[in-house]
Amino acid sequence: MADFRVRVSTGRAFGAGTWDKVSVSIVGTQEESPPLPLDNLGKEFTAGAEEDFQVTLPKDVGQVAALLGPLAPDAWFCRWFQLTPPRGGPLLFPCYQWLEGAGSLVLQEGTAKVSRADHHPLLQQQRQEELQARQEMYQWKAYNPGWPHCLDKRTVKDLDLNIKYSTAKNANFYLQAGSAFAEMKIKGLLDRKGLWRSLNEMKRIFNFRKTPAAEHAFEHWQEDAFFASQFLNGLNPVLIRRCHYLPKNFPVTDAMVASVLGPGTSLQAELEKGSLFLVDHGILSGIHTNVINGKPQFSAAPMTLLYQSPGCGPLLPLAIQLSQSPGPHSPIFLPTDDKWDWLLAKTWVRNAEFSFHEALTHLLHSHLLPEVFTLATLRQLPHCHPLFKLLIPHTRYTLHINMLARELLIVPGQVVDRSTGIGIEGFSELIQRNMKQLNYSLLCLPEDIRTRGVEDIPGYYYRDDGMQIWGAVERFVSEIIGIYYPNDESVQDDRELQAWVREIFSKGFLNQGSSGIPSSLETREALVQYVTMVIFNCSAKHAAVSAGQFDACAWMPNLPPSMQLPPPTSKGLATREGFIATLPPVNATCDVILALWLLSKEPGDRRPLGTYPDEHFTEEAPRRSIAAFQSHLAQISGAIQERNRGLVLPYTYLDPPLIENSVSI
């Protein structure tokens, strides 16, 4: 006979408590105890409660290895169990899960453990059984050919409580959506299929919940410096690259750009100095286009040449070609052209930015790939694995928001289908094309910056802040890896880790060896980079390319989701009336603005980067690393806020308190 004290902590969220009776079995290295009721006088397991119970084991089970708890028919959120044996200190069993339904849950003692061949057979069996259960619950499916695979569920209603929005977050999401929709509906804008009457009329919709950044875009959208600055710090800051030679299909001449470059220099001289940059939307060439309100839409695949002025001068556009094929019907537009010719050319580039960003930078890179990381983590890493403990906060709500996207955004009849210029088919085609080009360096910010040659372009706050955050995450990850992996061999021998990497490679990157995405990891250094990449893309990268969507599109001419007339094939014909006729119709404009407002606004229940209220790690060493990480992020935030005080347009998207731990909106 042995008496144990069991302390149980119930979550604080709405509905976290349970009326059910709870029993646990203590699993030891020798055998498993019978179910031991946790029962005191009165009501147990109310939300926020921490309660003590005394249980007696009929006989010795050996060294305690795990707790076996029955799931509650009435859903219960358990934070942790603490077990104090007759001799020795307390043992903590982190849970942080909703427990619901028939069956049982195995919780191993909280010390993180990598997969090793010399584990006790009972522990190995428990890990395998846990993973088998999760693999049955979370299965893969191919959503579209050539896309990363995703969770095999039909609707949000099919998701289990552990991956659903909390009650509060879900309610806020639909309240925000409902109030915004009602406001648009009352104004009569969602049902108007015709053209805008004037730019002045567009101000009616611009007053819809505008932000300081949106005000800045409205005031400066026609200016060349602001147009160029959005390639650095706008919603798609990942495409600009240093131009070392002019593409053969972009025949810009010295005479064309002399007015911007000034006397005493040339294109060749500026190329050699490294002051020219290129933004190439060539992936859009020949893409499928949509039909909106019964009217065919149009797309372009522009190339934009930019010039970094000497000293601290602004980045400026030099030339724009709206197709990948030069010739008499594809003129090169210049800042010296007629005002409406030049403005229309820049607006076509902004439309290309919308299509590229929404389909690739945002949907593919910042939603579909994080879903792959999330699913592989749930399927291949047991609860007690240090990488599970490290990564699980960065997967919170990702499956829910992506499921919502497949219900409400990227399906027939919804906003991408009814209101964007390339529609669902164009989105799918872009993703298929980009999946064949995707490479590991694109996902690793330091390598991406080096590859694009933009290490020293001034005023590139996405790069500056992103590199600081990458460095903080990398240092944190390196410390955690150092605690649990003493050498490279321990990385190679961790079968669960290798299965996780292999599944990401096969299901996310479709076994494309040319991508450079690892299918296995051999060293601690490679593991640190890989895990840093996962955390960064699930948090900071998503914040950088998602939070500014409404800021960029609230004044629609700055980021038109569609174009109703074809790209101009000659100069001198653009007018104010033709410009307005090219822009999307009223209902499509408002439909997209409404969606992007909703997707730019986190609906409560936030957990900023580095915030880990669920204490999966129980040892002192990783807890010290977490505290150091949080302190490092606070220092970064202070520096960003100090810099922003001196900027006309503050760059806030990568301020750590504003970055969510995970892709959750």
Q) What number of residues within segment 608-627 are open to solvent by 50 Å² or more (accessible area, probe 1.4 Å) and assigned to a helix (DSSP H, G or I)? A) 4
**Q.** All positions within segment 284-313 that are among the β-branched types (Val, Ile, Thr) and either within 27 Å of Pro331 (Cα to Cα) or open to solvent by 70 Å² or more (accessible area, probe 1.4 Å) (or both)
**A.** Ile287, Thr289, Val291, Thr304
Q. For segment 619-665, what are the residues that are among the small types (Gly, Ala, Ser) and more than 21 Å from the chain's Cα centre (by Cα)?
A. Ala621, Ser625, Ala627, Ala628, Ser631, Ala634, Gly638, Ala639, Gly646
Q: State whether the residues of segment 373-389 include one that is in contact with a His (Cβ under 8 Å, 6 or more places away or on another chain), of a type in the set (Ser, Thr, Tyr), in a helix (DSSP H, G or I) and at negative phi.
A: no
Q: Could you list all residues from segment 57-82 that are open to solvent by less than 60 Å² (accessible area, probe 1.4 Å) and over 21 Å from Arg12 (Cα atoms)?
A: Leu57, Val61, Gly62, Val64, Ala65, Ala66, Leu67, Leu68
Q | Residue that is farthest from Ile431 (Cα to Cα), among those in segment 237-283 that are among the β-branched types (Val, Ile, Thr) and open to solvent by less than 30 Å² (accessible area, probe 1.4 Å) | A | Val257
(Q) Please go through segment 186-210 and give me each residue that is among the aromatic types (Phe, Trp, Tyr) and either modelled with pLDDT under 90 or loosely packed, with under 11 Cβ neighbours inside 10 Å (or both), ordered by number. (A) Phe206, Phe208
**Q.** helices (runs of 4 or more DSSP H) fully within segment 504-607 counting 1 or more residues that are surrounded by 21 or more Cβ atoms within 10 Å (Cβ to Cβ), charged (D, E, K, R) and under 15 Å from the mean Cα position of the chain (by Cα)
**A.** 540-546
**Q.** Output for segment 458-474, where each listed residue is out of contact with any helix residue (DSSP H, G or I) (no Cβ under 7 Å at 6 or more places or on another chain) and not acidic (Asp, Glu)
**A.** Pro458, Gly471
Q.
With the structure loaded, tell me whether Pro370 is open to solvent by less than 10 Å² (accessible area, probe 1.4 Å), in a strand (DSSP E or B) and touching a helix residue (DSSP H, G or I) at 6+ places or on another chain (Cβ under 9 Å) or whether it fails that test.
A. no
Q | Total residues in segment 651-664, condition open to solvent by 10 Å² or more (accessible area, probe 1.4 Å) and among the hydrophobic types (A, V, I, L, M, F, W, C) | A | 1
Q) In this structure, is Ala213 within 26 Å of the chain's Cα centre (by Cα), open to solvent by 20 Å² or more (accessible area, probe 1.4 Å), more than 18 Å from Gly313 (Cα to Cα) and of a type in the set (Gly, Ala, Ser)? A) yes
(Q) Just to check your reading of the model, which residue among Leu363, Leu378 is modelled with pLDDT of 95 or more, farther than 17 Å from Arg576 by Cα, over 16 Å from the mean Cα position of the chain (by Cα) and surrounded by fewer than 24 Cβ atoms within 10 Å (Cβ to Cβ)? (A) Leu378
Q. Can you name the condition, by its number, that His383 falls short on among (1) at pLDDT 95 or above; (2) open to solvent by 10 Å² or more (accessible area, probe 1.4 Å); (3) within 21 Å of Val501 (Cα to Cα)?
A. (1)
Q.
Need the failing condition index for Lys157 against (1) within 30 Å of Ala588 (Cβ to Cβ); (2) in a loop (DSSP other than H, G, I, E, B), just the number.
A. (2)
(Q) Residues to consider are Glu129, Glu136; find the one that is surrounded by fewer than 19 Cβ atoms within 10 Å (Cβ to Cβ), among the acidic types (Asp, Glu) and in contact (Cβ under 8 Å) with a residue 12 or more places away in the chain. (A) Glu129
**Q.** Hits in segment 595-612 - residues which are among the aliphatic types (A, V, I, L, M) and in contact with a Gly (Cβ under 8 Å, 6 or more places away or on another chain)
**A.** none
(Q) Can you find, within segment 268-283, the residue that is farthest from the chain's Cα centre (by Cα) among those that are within 22 Å of Val349 (Cα to Cα) and free of Cβ contacts under 8 Å to residues at least 40 places away in the same chain? (A) Ser275
Q. Which of the residues spanning segment 482-503 are more than 12 Å from Leu521 (Cα to Cα) and among the aromatic types (Phe, Trp, Tyr)?
A. Tyr484, Tyr485
Q | Residues of segment 418-463 classified as farther than 19 Å from Val279 by Cα, aromatic (Phe, Trp, Tyr) and buried (at least 19 other Cβ atoms within 10 Å of the Cβ), total | A | 1
(Q) It is to be established whether one or more residues within segment 247-263 are in contact (Cβ under 8 Å) with a residue 12 or more places away in the chain, of a type in the set (Gly, Ala, Ser) and touching a strand residue (DSSP E or B) at 6+ places or on another chain (Cβ under 7 Å). (A) no
Q.
Can you tell me how many residues within segment 83-113 are surrounded by 20 or more Cβ atoms within 10 Å (Cβ to Cβ) and out of contact with any strand residue (DSSP E or B) (no Cβ under 7 Å at 6 or more places or on another chain)?
A. 1
Q) Could you say whether any residue in segment 326-335 is open to solvent by less than 10 Å² (accessible area, probe 1.4 Å) and not basic (Lys, Arg)? A) yes
Q) So which residues in segment 465-477 are over 19 Å from the mean Cα position of the chain (by Cα) and open to solvent by 60 Å² or more (accessible area, probe 1.4 Å), if there are any at all? A) Arg475
Q: State which residue is surrounded by the most Cβ atoms within 10 Å (Cβ to Cβ) when the search covers only segment 139-177 and only residues that are among the hydroxyl-bearing types (Ser, Thr, Tyr) and within 25 Å of Gly101 (Cβ to Cβ).
A: Tyr165
**Q.** Subset of segment 486-495 [open to solvent by 20 Å² or more (accessible area, probe 1.4 Å) and among the charged types (D, E, K, R)]
**A.** Asp488, Glu489, Asp493, Arg495
Q: Only residues in segment 188-199 that are over 15 Å from Met556 (Cα atoms) count as the first member; pair them with residues that are at pLDDT 90 or above and in a loop (DSSP other than H, G, I, E, B), Cβ under 8 angstrom, at least 6 apart or cross-chain, and list the lot.
A: Arg192/Pro585; Lys193/Asn293; Lys193/Pro585; Gly194/Pro585
Q) Has segment 211-220 got any residue that is of a type in the set (D, E, K, R) and under 18 Å from Arg350 (Cβ atoms)? A) yes
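The values are calculated or read from the model by the stated rules, or taken from the named source; none is laboratory data. Since the model is a prediction, treat every value here as computed from it, not as a measurement. When we count neighbours, we look across all protein chains shown, and the Cβ atoms used for this are built from the backbone with ideal geometry, even at glycine. Calculation scope for accessible area: heavy atoms of the full protein, side chains included, ligands and nucleic acids excluded. Shrake-Rupley method; radii C 1.70, N 1.55, O 1.52, S 1.80 Å.
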